[in-house]
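A.B. asks: Right, I'll just put the structure down here and ask away after.
What follows draws every value from the coordinates through simple rules; no lab data is involved. Everything quoted here is computed from the prediction, not taken from an experiment. Cβ coordinates were reconstructed from backbone atoms using ideal geometry, including for glycine residues, and neighbour counts include every protein chain displayed.
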Amino acid sequence: MPPDLQSIVDEIVAAMATEEARGKVATYIPGLATVSPAHFGMAVVSADGSVALGGDAELPFSTQSVSKVFALTMALGKVGDQLWARVGREPSGNAFNSIVQLEAEQGIPRNPFINAGAIVVADVNLAGHQPREAIGELLRFIRFLADDEDIHVDEVIARSETETGFRNIALANYMRAFGNIHHPVERVTGVYFHQCAIAMSCLQLARAGRYLMLDGLLPDAGRVISARRARRINALMLTCGHYDASGDFAFRIGMPGKSGVGGGILAVVPGKASIAVWSPGLNASGNSQLGTKALEHFARLTGWSVFSSR
Ligand code: GLN
């Protein structure tokens, strides 16, 4: 019998409400610092299209690095496997915003989900466009995936990141020195900061992730990407989606997942479900404390993971 997803989500929401260790809200982006750690939301969209929602599932939050999944999908659509000449596919074992490996590795970031890698992806998506158009194209793609026009850039967050994103600007400049950024740095970081500032609810995010559970095919809208590409993006989410905590996430949850410092996580069980959780308090690795815990409950209660036969 398939699990009753709504009662599982209800049970998780109730359990999360009593959690006292809720992590710390990111403060290095001033626009994020004012969000209350009391929030928790969860949305599960299953392969048959049914939806289970709990808590603040319909409240928009700053997707931050979760948007890197959609930006990567778009860049692969533009340049295909040529992308891998400029970005690696290995976990970094370092923090999301680390610069240390770039010197030894000639300005080639370890993977597309650390900041340096996502900045190269933004540079790819910028080719032939003004920054505004590149963001517009990404927004249209995400709205299409979620089948929801009401998805926007939070301009307050975008400005806040632009004013304080010295480290990301440094990463971009450093990679430009190696020839791995092809456009002026302020244009590339403009695209990157605005993409991080895309706000979505858990429901919108889980809907946007459906193509990754369905081998690249949306039943109502057709093929988004090939099955092979969907499998590869899932593989990168599993190995690199949680930075230096990716191994622990795979161990505890066993699903491809991508986190963001806004406290959101998108997780995928191929053939079964696309899941989004949100709680703004972060653990020491910059991943949602309760979001991770909630997904651990979900994996236990459903028995679902990419490493089990259920
Ligand atoms: N915008 C954030 C940054 O660049 C994204 C990081 C994240 O979500 N891990 O620092």
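A.B. asks: Does anyone have the angle between helix 131-146 and the longest principal axis of the chain? Alpha-carbon axes, 0 to 90°, nearest 10?
C.D. replies: 20 degrees
A.B. asks: OK, next. Given Cα pairs under 8 Å that are at least 6 residues apart, what percent is the relative contact order of the chain?
C.D. replies: For the chain, the relative contact order is 26 percent.
A.B. asks: Using a 10 Å cut-off on Cβ atoms, rank the peptides 35-46, 276-287 from the highest mean neighbour count down.
C.D. replies: Going from most to least packed, we get 276-287, 35-46.
A.B. asks: Looking only at Asp123, Asp148, Asp215, which one moves most when the chain is put into a Gaussian network model with springs between Cα atoms under 10 Å?
C.D. replies: Of Asp123, Asp148, Asp215, the Gaussian network model singles out Asp148 as fluctuating most.
A.B. asks: To the nearest 0.05, how large is the calculated FRET efficiency for Glu155 and Ala21 if R₀ is 45 Å and r is the Cβ-Cβ distance?
C.D. replies: The pair Glu155/Ala21 has a calculated efficiency of 0.85.
A.B. asks: Once you put a point 7 Å from the Cα of His129 and another 7 Å from the Cα of Ala14, both along the Cβ direction, what distance in nm separates them?
C.D. replies: Between His129 and Ala14, the label points sit 4.5 nm apart.
A.B. asks: Now a separate question. Sort 88-94, 103-109, 234-240 by packing, meaning the average of other beta carbons within 10 Å per residue, with the highest value first.
C.D. replies: The packing order, highest mean first, is 234-240, 88-94, 103-109.
A.B. asks: Please list, short to long, the whole-number percent of alpha-carbon pairs of the range 1-47 in consecutive 10 angstrom bins beginning at zero.
C.D. replies: 21, 38, 27, 13, 1
A.B. asks: What residues have an amide H closer than 5 Å to that of Lys272, excluding those fewer than 5 places away on the same chain, when H is modeled at 1.01 Å from N in the peptide plane?
C.D. replies: none
A.B. asks: Report, in degrees rounded to the nearest 10, the 0 to 90 angle that the Cα long axis of helix 166-177 makes with the longest principal axis of the chain.
C.D. replies: Approximately 50 degrees, to the nearest ten.
A.B. asks: Can you give me the Cα centroid spacing of the range 57-116 and the range 142-181 in angstrom?
C.D. replies: Centre-to-centre (Cα) distance: 12 Å.
A.B. asks: Out of residues 5 or more away from Ala26 or on other chains, whose amide H comes under 5 Å of its own, with H placed 1.01 Å from N in the peptide plane?
C.D. replies: Residues meeting the criterion, in which the H sits 1.01 Å from N, are Leu282.
A.B. asks: To the nearest 500 deg cm²/dmol, what mean residue ellipticity at 222 nm is calculated for the chain from DSSP H runs of n ≥ 4 alone, each contributing -39,500 (n - 2.57), summed and divided by the residues?
C.D. replies: Mean residue ellipticity, 222 nm, calculated: -13500 deg cm²/dmol.
A.B. asks: Arg252 to Ser36: FRET efficiency via 1/(1 + (r/R0)^6), r the Cβ-Cβ distance, R0 22 Å, to the nearest 0.05?
C.D. replies: 0.30
A.B. asks: If you add up the charges near His242, with Lys and Arg at +1 and Asp and Glu at -1, over every other residue whose beta carbon is less than 14 angstrom from its beta carbon, what do you get?
C.D. replies: Local net charge: +2.
A.B. asks: Here's a follow-up. What three numbers, in Å, describe the spread of the alpha carbons of the range 43-111 along their principal axes, ordered from the longest?
C.D. replies: 46, 27, 18
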